[in-house]
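Working notes, structure below.
The values are calculated or read from the model by the stated rules, or taken from the named source; none is laboratory data. The structure presented is a predicted model; accordingly, all values stated were derived computationally and were not measured. Don't worry about glycine lacking a Cβ; one is built from the backbone with ideal geometry, like all the others, and counts go over all protein chains shown. Keep in mind that these areas ignore ligands, DNA and RNA; they rest on the heavy atoms of the full protein, side chains included. Shrake-Rupley method; radii C 1.70, N 1.55, O 1.52, S 1.80 Å.
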Amino acid sequence: MKLVSLAVIAALGGASFVVDAAPVSVENHNIQTLVQPDVSLGVYDQASQRLAQHGINAKNRPHLFKILQATQLKNAQQNEMGIAAVSGLANPVNTECTTEKVCSFFTDMGFRTAVDSNNNDYVIISAINSETAPTTYTFLDLSLVNEHGEPITIPRFIEYFDDKGETKKRMDITSVGRVNDIIAKLIAAEKIYANAYAIVTYINASGVEVAETKQMSAEYSKDTLLADLGYVRTSVSGQGDEMSIGGYGSDAEMNILPASDYSKIGAKLLEKDVTAPVDLKEINETDPTKNRIKVCLNRRYNDCDIDAYYDPGTPNDQIKAVVPFTGFRDVMGRVTKIYRPDWSTKNVTFDGNGNPSYTIDPKGERPVELYHGTEIFIQTKELGGATALGGGYQGSSHLFSDHINLKYFTKKIGPRTFDMTRISWNIPRSKGIFGDARLYGRYEDAHWIMNLSIETEETRGNSKLKRRYSYVVGSADMPDDQSWKDIEHPPLQMVFSCLAKGSMIKLANGKELPIEQLRVGDTVLGASQYAPNVHLPLEIKDVSIGSESQPMIKLITESGKELLLTESHPVVTQSGVSSWANKVQVGDRIRTASGLELITNVEEQKYNDHVYNLKLARTADDPNHNPGETFSMFANGLQVGDLAMQTDNEFEEVVETEQEILKRIPEAWHKDYLNSLNK
């Protein structure tokens, strides 16, 4: 499976990610225009231009500027010798990853709105950084801007300080604008762009710390963006004359803006919907940002939105991560081309009823406006990269575009008739393969990113204008500083964890049975998470059965007890707190049915059979139920968590203090990091 490094993704509708170090985020309300670095300059000079507007300079970031300066000097020397520079902005949109150790490129992702708890509409734009290679520092800034570089959403920047890449996680930044505050700017703009800039530093093959800079300015369809917000161009002439739309909505709904050819209609013009993947179970209505689409990679169970997919007899290490995708979204204009990942095109013509016919043009030229072709990715935290749909498993790198269908139609509102295209997709479960399940780490989210790169033909008076844009449908975490009641598409959770077949479970009567022989209604001996030393009878409410694609962990105690379990299955430690099996170390003490025992050996072991887990509950005659209570049981004598405890401990997040970060990052970065804390 090839991992694609979505290194820096400028996104209207992106996602939030856990980072290697506590990020430093600064909002700057005083920037009048975002400086566009001069690509003819070296890496030091162009970065200095962009950083200066955020108050970052050689005095408060001495090590960063030292690296930038050294990189520029090195690149200049290489250019004099006729050697291509491996860093800097020699190719600002390189996606081939042929020369750069840190494979960075930009791709735009579409447009997203959200609603907060006070019913305010917001526009959200995000930039994502994800490296398969280690970095020591990352800077990102971002804003939605007009054709003059003037910010529409609040310009923001963020910095991450890494530890030479011992952990490889994604980084992100979000720029937000309340619609009521920015709608006038959106309407007044002739063009709208996502404007992002990134700096990364890393250790090269020679052991030298070097820098790369990247810039992106990606245009978005103004008419589609405004139509998503419920605003449409009502002037036929396009001269900014006010027009009423007879019979369509009340004056309050129309909200005619002076000196504008756009008006607000009573309902949003464009429709969109995703029917798969969706969160069907365990939905949190109080806080929608906590909702997740649970993809079970090793079990078929009723808590799974999408359960494990594999043919009988499939070796465990060949189990696939399978996610179906169905849905649609409308865009303004008539779609004439769909750009595929290799830049070949799916050309479209429509008959008189708006039905399409397609031809494939294999020429494969990348339009300057686009940074990535039409594709779906699932982006994980642990491996840094992103897995694409198909990935060679179906013998096609164009699987997504092959499953896209178009429908051209018109909609009349008042005096105007609007050209529109419905883009729909239907990728069945059997085709939605994103590679081997073992590629996915045990983290709280795996974001799905559906990039639609198209050419459209839009009507401007009596003329036809062809434009190239990207749109995105996907998951998104909302910024943490806002209370949201609307999150359109939750991210995925890739779920593992169970016990090996043959694990002997202690029953309430003192006997033991292999876990695969237990049934719903049987009673086992266990304990509540609130009193792990108090043993009590627990009833089996459900049994989970699956296959494990990751290597298993074998724990061995001083008395010779052995247990084989998945790496993230919870083990109850001496303190009574659960720990992942792969976090248990030799010398740790864990709880057993007969007391504490010392761990004398921990082994990783390949496994190729079924795995099991139990969902437990207090028996009917036990009145001491606590809301949210989870339980443990005894497997081969060791105290381990049930399915509910496993769910509570499925994912790992690390939050570091400033002191921990200072201990971890190189001393050369200490001054830069401490200065970055002074907002």
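Distance from the C-alpha centroid of the stretch 141-160 to that of the stretch 519-535: 54 Å, rounded to the whole angstrom. Annotation: extensible slack from residue 116 through residue 620 equals 177.2 nm (criterion: 0.36 nm per residue apart, minus Cα-Cα distance).
Multiply the residue separation of residue 462 and residue 589 by 0.36 nm, subtract the distance between their alpha-carbon atoms, and state the gained length in nm to one decimal.
37.8 nm
Here the spin labels are modelled as points 7 Å beyond Cα on the Cα-Cβ line, and at residue 501 and residue 412 they lie 6.7 nm apart. Using the beta-carbon distance between residue 179 and residue 275 and R0 = 35 Å, what value does 1/(1 + (r/R0)^6) give for FRET efficiency, to the nearest 0.05? Efficiency, rounded to the nearest 0.05: 0.85. The trypsin sites (Lys or Arg not before Pro) found in the stretch 596-627 that occupy coil by DSSP, while having at most 11 further C-beta atoms within 10 Å, are 606. Dipole size of the stretch 568-679 about its Cα centre, with +1 on Lys/Arg Cβ and -1 on Asp/Glu Cβ: approximately 160 debye, rounded to the nearest 20. Packing-based ranking of 218-225, 347-354 yields 218-225, 347-354, ordered from highest to lowest mean Cβ neighbour count within 10 Å.
Structure shown: which of 506/554; 185/214; 506/615; 411/466; 320/506; 363/431 lie over 23 Å apart, alpha-carbon to alpha-carbon?
185/214; 320/506; 363/431
For the pair residue 206 and residue 556, what calculated FRET efficiency results from E = 1/(1 + (r/R0)^6), where r is the Cβ-Cβ distance and R0 = 51 Å, to the nearest 0.05? So the FRET efficiency works out to roughly 0.70.
On average, how much accessible surface per residue is there in the stretch 166-233, in Å², for a 1.4 Å probe, leaving out ligands, DNA and RNA?
Values: 2050 Å² over 68 residues.
The answer is 30 Å² per residue.
The distance between label points at residue 286 and residue 668 comes to 4.9 nm (points 7 Å beyond Cα on the Cα→Cβ vector). Go ahead and run the numbers for FRET between residue 606 and residue 533, Cβ-Cβ distance against an R0 of 30 Å, rounding to 0.05. Rounded to the nearest 0.05, the efficiency is 0.30.
Remark: the Cα gyration tensor places the stretch 566-675 in the prolate category, a/c being 1.5 or greater and a/b exceeding b/c.
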